[in-house]
1. Counting only protein heavy atoms and using a 1.4 Å probe, what share of the accessible area of segment 200-320 belongs to carbon plus sulfur, as a whole percent?
2. At q = 0.11, 0.12, 0.15, 0.21 Å⁻¹, what base-10 log of I(q)/I(0) does the Debye formula yield for segment 199-313 when every alpha carbon is treated as an equal point scatterer in vacuo?
3. Which FRET efficiency value, to the nearest 0.05, do you get for A148 and V187 by plugging their Cβ-Cβ distance into 1/(1 + (r/R0)^6) with R0 = 30 Å?
4. Accessible area per residue, 1.4 Å probe, Å², for segment 199-313: what's the number?
5. Where Rh is the Kirkwood radius over the Cα pairs of segment 95-193, the temperature 10 °C and the viscosity 1.306 mPa s, what D in µm²/s does Stokes-Einstein return?
6. Within segment 79-183, what whole-number % of the accessible surface is contributed by carbon and sulfur, with the 1.4 Å probe and all protein chains included in the calculation?
7. Could you calculate, for segment 20-163, the ratio of the Cα radius of gyration to the Kirkwood radius, expressed as Rg to Rh?
8. May I ask you to give the solvent-accessible area per residue for segment 20-163, in square angstrom, as obtained with a 1.4 angstrom probe?
Amino acid sequence: MSAPAHRGVAPDAGAPARVPVWALLPLAAVAWSVGLGPWLLLRSRVGTLGTPYNPRNDVRDALLPFVVDRLSLLLTLTLAGGVLAGLTPLVRGAARPQRTASSALVVLGALVAASTAVLQTLAPEPDLGGSAAQAGTVRLAFVALTAAGTVVGVVLGLLVSLGGPALRVMAAAPASIVIAGWAGQLVLSARSDLDPAGVPAWVSPGLSVVAAVGVGVLLARLGLGSVGRVLAWAVTAFLLVATPAALTTARYLLEALPRTPMRVDAVTELVTDGLALLRLATAQNLTVVALWSPAMLALLALAVGAVGAGVSARRRSSRG
């Protein structure tokens with residue numbers, strides 16, 4: 001009779017895999033492309049940028065939104081696509097011991113998909129804004145934003161799918177917020193009128209509650225058996241509050257960047273303002289306890305985790 005698996009230990013390395021490790025590369029590429037869903041639904045109704053006679057600026061054919069006022073959407077798409085790609089190792093079931101190979105294949109698959117989307121979008125040489133002298137800089141910024149969102153998302157997804165028990169739960173907090181925001185964009189883009197007021201009022205808070213409950217379930221599975229795990233609970237709750245503030249700051253920077261001169265003093269001032277906004281938004285999310293606020297969602301996740309951990313502890317004690 002085999003010994004029972006120790007609680008918190010990685011899955012059995014000898015368990016059969018559902019899919020071979022090499023399949024993670026195409027799966028990650030497809031998963032990243034799924035992240036483009038909101039834009040693929042939206043772009044056919046956006047129309048052209050500039051004159052309808054300039055095919056270079058027809059965003060209806062672009063895989064990525066390159067219009068200045070859609071940069072926040074671009075960040076959402078790339079972050080979510082990266083998270084989805086990073087979660088693909090979960091399809092291998094219990095056999096996930098090849099962390100280095102899995103991570104490398106997932107990163108490569110996501111970057112292949114992102115590079116393909118960038119090349120397809122920039123191939124007609126669309127006007128991304130700015131003067132002719134700034135064209136190269138603007139294109140570089142577009143590529144850098146796509147790459148940064150993809151890499152951050154992939155890292156979060158890989159930590160959830162391949163990380164240790166505590167690391168997996170902590171990474172799930174920002175990852176769940178990213179996916180909830182992406183799902184909200186998907187619902188909005190699926191509507192023909194594109195009017196946010198037309199989306200049912202319960203959609204956004206409902207998605208946030210689902211995300212918080214999901215994190216709470218992971219907290220319950222993690223348990224409170226050590227000081228390290230208690231610390232992981234605290235970090236997870238903080239990330240549920242801080243991540244929305246970080247996304248708000250990123251959106252502010254993306255909106256202000258096109259209007260910021262490419263001078264050291266101007267960029268420094270923008271970064272300083274962004275850091276101040278991050279501190280203010282985080283403090284507000286921590287102190288404002290309103291319905292569906294980040295603080296309330298963090299408390300909900302902790303409550304679900306505490307109830308689940310208590311039930312699990314009671315079952316173990318009754319068995320003993």
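The values are calculated or read from the model by the stated rules, or taken from the named source; none is laboratory data. All of these numbers come straight from a predicted model, not from anything done at the bench. Quick reminder, even Gly has a Cβ in these numbers, built from the backbone with ideal geometry, and neighbours come from all protein chains shown. For the accessible areas, the whole protein counts, side chains as well, though only heavy atoms, and no ligand, DNA or RNA atoms are used. Shrake-Rupley method; radii C 1.70, N 1.55, O 1.52, S 1.80 Å.
1. Numbers: 4970 of 7160 Å².
The computed percentage sits at 69.
2. For segment 199-313 at q = 0.11, 0.12, 0.15, 0.21 Å⁻¹, log10 I(q)/I(0) is -0.48, -0.55, -0.75, -1.07.
3. Working: r = 26 Å, r/R0 = 0.85.
Efficiency, rounded to the nearest 0.05: 0.75.
4. On the way: 6280 Å² over 115 residues.
Here the residues of segment 199-313 average 55 Å² of exposed surface.
5. Numbers: Rh = 16.0 Å.
Value of D from the Cα-based Kirkwood radius: 99 µm²/s.
6. On the way: 3030 of 4040 Å².
Result for segment 79-183: 75 percent of the exposed heavy-atom area is carbon or sulfur.
7. On the way: Rg = 16.4 Å, Rh = 15.7 Å.
Here the Rg-to-Rh quotient is 1.05.
8. Details: 6160 Å² over 144 residues.
In whole numbers, segment 20-163 has 43 Å² accessible per residue.
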